[in-house]
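The values are calculated or read from the model by the stated rules, or taken from the named source; none is laboratory data. From a predicted model like this one, the values you see are computed outputs, not experimental measurements. Heads up, the Cβs are rebuilt from the backbone with ideal geometry, glycines too, and the neighbour counts pull from every protein chain shown. To get the accessible areas, we keep the full protein, side chains included, count just its heavy atoms, and leave off ligands, DNA and RNA. Shrake-Rupley method; radii C 1.70, N 1.55, O 1.52, S 1.80 Å.
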Amino acid sequence: MTELWTLFLTAAFVDNMPLTLFLGLCTFLALSRRPASAMGLGIAMTGVLGVTVPLNWLIYRGLLAPGAWAWAGQPDLDLSYLVLIAFIGVIAATVQLLEMLLDRFFPAVHASFGVFLPLLTVQCAILAGSLFMVDRAYSLAESAVFGLGSGLGFAIAVGLLGALRKRLAYADLPVGLRGLGIAFVLTGLMSLGFASFAQMAATQ
Amino acid sequence: MAARFDVRRTLTEPLIRQNPVTLQILGICSALAVTTSLSTALTMSVSLTVVLTLSAMIISVIRRHIPDSIRLIVQIIIVASLVIVIDQVLQAYFADISSALSIYVSLITTNCLVLGRTEAYARHNPPLHAAVDAFGNGLGYSLILLLVGGLREVFGRGQLFGWQVLPLAEAGGWFTPLSLMLLAPSAFFLLGGVIWAIRTLLPTQAEAPDHVPPADVRAIE
């Protein structure tokens, strides 16, 4: 139990997806102009990561991993090079489903996402969650916790950046630094801050 | 197309003026993650340019046959197949660089730059034009990657491509490596600085302010 809790905190803070692993930065920067859209993105990320990582675990273990077809008399079959196509398919289907559910039950939320919801399909952070899960050989419970933790870490980071950028709308910045430039500098500063979590994990 | 196709313009425009990384916010994740040394940055640049150019050509060739409703899935599957090929080639011939890049080569599949170019250009234009445009964008991406990768390797280790260019203090030279350059935050700062420099030189790229202060604050008081 404590291991799962540690994994959750590590995924959320120490291995923070946008700030230390550079994942999902395109949407991270594009949708953090306003705190509301940033929070929406964070919640959607947590949902999609929490669903797709365990789902992909089942598919990987059941169909693709070396030896997964041993029951059918094919113990040498290794389909693991197909992970990319399989994972992308699962992610696309999940995002599509999420979009339909939101459209049906929360139309206001759905409208506020606009074109960015379908673009979650091609979000590197979401695909990376599944690829890390394979790389680090997590169990089913671990991969579920890992997915949720990474999503939460993304939500915290993007929410903070949204709040910071809202404040900076009133700042008198050099012309060239306005917008994207200052967003990068802020992300760098937040990344420095989150680096201290790694120190904390190391000293424990 | 009404306008005549200008190869040189399509090729050079994405280098600075329409740079995919600094202006269009595309493909940033990989641009930062693999830039701790010049050799990983170069490998990533070449892989991405190859995937981008080939996928743009393939999608452009079959552009009239893809139904609009499933075009994203078709495009992603084409890109993913090319990425699998590149990934297997890297694992076979450049095993150490491939393990240094870890999952970031696979993540070319979801690189927004690839999908952005196929969506914005390849799906409306003939194969040759699409290939030139994709190649130009690949070069623009590579330019930023090599710049950031080179700066980080020189100041972080005093090396370029693994060669010692600045003599280290511990080996009798004068240079003390700045290990911060190898950590995550410096990548963000460097790219922010590059964007600042480009937008100062080309003020048309600067973003409009979100909020315009009153003309003279003292006059109101």
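Here A:Ile85 qualifies as over 12 Å from the mean Cα position of the chain (by Cα), within 13 Å of chain B (Cβ to nearest Cβ), at negative phi and open to solvent by 30 Å² or more (accessible area, probe 1.4 Å). For segment A:41-48, state whether one or more residues are modelled with pLDDT under 80, open to solvent by less than 50 Å² (accessible area, probe 1.4 Å) and within 14 Å of chain B (Cβ to nearest Cβ). No, every residue in segment A:41-48 fails to be modelled with pLDDT under 80, open to solvent by less than 50 Å² (accessible area, probe 1.4 Å) and within 14 Å of chain B (Cβ to nearest Cβ).
Taking first residues from segment B:35-56 that are open to solvent by less than 10 Å² (accessible area, probe 1.4 Å) and partners that are not in a helix (DSSP H, G or I), the Cβ contacts under 7 Å between residues at least 6 apart in sequence or on separate chains come to B:Ala41/B:Val34; B:Ala41/B:Thr35; B:Met44/B:Val34; B:Ser47/B:Val105; B:Leu48/B:Asn111.
With respect to (1) in a loop (DSSP other than H, G, I, E, B); (2) of a type outside the set (A, V, I, L, M, F, W, C); (3) under 30 Å from A:Leu117 (Cβ atoms), the lone exception for B:Thr53 is condition (1). Taking the criterion of being surrounded by 16 or more Cβ atoms within 10 Å (Cβ to Cβ) and either assigned to a loop (DSSP other than H, G, I, E, B) or within 14 Å of chain A (Cβ to nearest Cβ) (or both), the residues of segment B:58-73 that qualify are B:Arg63, B:Ile66, B:Leu72, B:Ile73.
Filtering segment B:99-111 to residues that are in contact with a Ser or Thr (Cβ under 8 Å, 6 or more places away or on another chain) and surrounded by fewer than 20 Cβ atoms within 10 Å (Cβ to Cβ) leaves only B:Ala100.
For segment A:180-200, taking the residues that are open to solvent by 50 Å² or more (accessible area, probe 1.4 Å) and modelled with pLDDT under 90, the one that is farthest from B:Leu202 (Cα to Cα) is identified as A:Met200. Would you confirm, using the coordinates I've provided, whether B:Gly140 is in contact with a Pro (Cβ under 7 Å, 6 or more places away or on another chain), at pLDDT 80 or above and away from chain A (no Cβ under 14 Å)? So B:Gly140 fits the description; yes.
Within segment B:135-179, the set of residues being in contact with a strand residue (DSSP E or B) (Cβ under 6 Å, 6 or more places away or on another chain) and within 30 Å of B:Gly116 (Cα to Cα) comprises B:Glu153 only. Residues of segment B:161-180 that are open to solvent by less than 60 Å² (accessible area, probe 1.4 Å) and under 23 Å from B:Ala33 (Cα atoms): B:Gly162, B:Pro177. For B:Ala41, the requirement of being over 15 Å from B:Arg117 (Cα atoms), in contact with a Ser or Thr (Cβ under 7 Å, 6 or more places away or on another chain) and in a helix (DSSP H, G or I) is met.
Here is the figure for segment A:164-179: residues that are open to solvent by 70 Å² or more (accessible area, probe 1.4 Å) and either at the interface with chain B (Cβ under 7 Å from one of its Cβ atoms) or in contact with a strand residue (DSSP E or B) (Cβ under 7 Å, 6 or more places away or on another chain) (or both) total 2.
Being in contact with a Phe, Trp or Tyr (Cβ under 8 Å, 6 or more places away or on another chain) and closer than 22 Å to B:Thr110 by Cα is the requirement here; does A:Leu127 meet it?
So A:Leu127 fits the description; yes.
Across segment A:51-65, not a single residue is classified as modelled with pLDDT of 80 or more, within 13 Å of chain B (Cβ to nearest Cβ), open to solvent by less than 10 Å² (accessible area, probe 1.4 Å) and closer than 30 Å to A:Ile182 by Cβ.
Within the bounds of segment A:115-135, is there any residue that is open to solvent by 70 Å² or more (accessible area, probe 1.4 Å) and more than 14 Å from chain B (Cβ to nearest Cβ)? There is no residue in segment A:115-135 that is open to solvent by 70 Å² or more (accessible area, probe 1.4 Å) and more than 14 Å from chain B (Cβ to nearest Cβ). Within segment A:89-100, residues that are away from chain B (no Cβ under 13 Å) sit with their Cβ atoms under 9 Å from residues that are open to solvent by 40 Å² or more (accessible area, probe 1.4 Å), at 6+ positions apart or across chains, in these pairs: A:Thr94/A:Val51; A:Thr94/A:Leu55; A:Leu97/A:Val51; A:Leu98/A:Val51.
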